[in-house]
Amino acid sequence: MRALLECKADWYGRYLVVVDRWFPSSKLCCGCGAFAERMPLNVRSWTCRCGQTHDRDVNAGP
């Protein structure tokens, strides 16, 4: 699957960003890039220091 995505990305002049499986993207602010150090899994939404409120599932998605 990855090889197919890489081929398609090259074909259309796009970039494929491969991220480690355990990369904590749900704890990373998509606005300012700040990283929330501690956050238990039962916390589903959080507010960053920059003031943006994030839903963990939406924030971790593409």
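For the range 21-62, give the magnitude of the charge dipole about the Cα centre (Cβ charges: +1 Lys/Arg, -1 Asp/Glu; no others), in debye to the nearest 20.
Dipole magnitude for the range 21-62 comes out near 100 debye.
Nearest 10 degrees is fine. How inclined is helix 2-11 to the longest principal axis of the chain, computing both from alpha carbons?
Taking Cα atoms only, the helix is inclined about 70 degrees.
As a test of the formula, what do you get for the chain when each DSSP H run with n ≥ 4 contributes -39,500 (n - 2.57) and the sum is divided by the residue count, at 222 nm and rounded to the nearest 500 deg cm²/dmol?
For the chain, the value works out to -6500 deg cm²/dmol.
For a protection proxy built on the mean count of beta-carbon atoms within 10 angstrom, sort 51-59, 14-22, 34-42 highest first, please.
51-59, 34-42, 14-22
Give the cysteines in the chain for which no other Cys Cβ lies under 4.7 Å away, or write none if there are none.
7, 30
Gain in length, residue 15 to residue 50, computed as 0.36 nm per residue apart minus the alpha-carbon separation, to one decimal in nm?
9.8 nm
Laboratory data are not the source of any read-out in this text; all were calculated from the coordinates shown. Note that the coordinates shown come from a computational prediction; the quantities given were computed from them, not determined experimentally. Cβ coordinates were reconstructed from backbone atoms using ideal geometry, including for glycine residues, and neighbour counts include every protein chain displayed.
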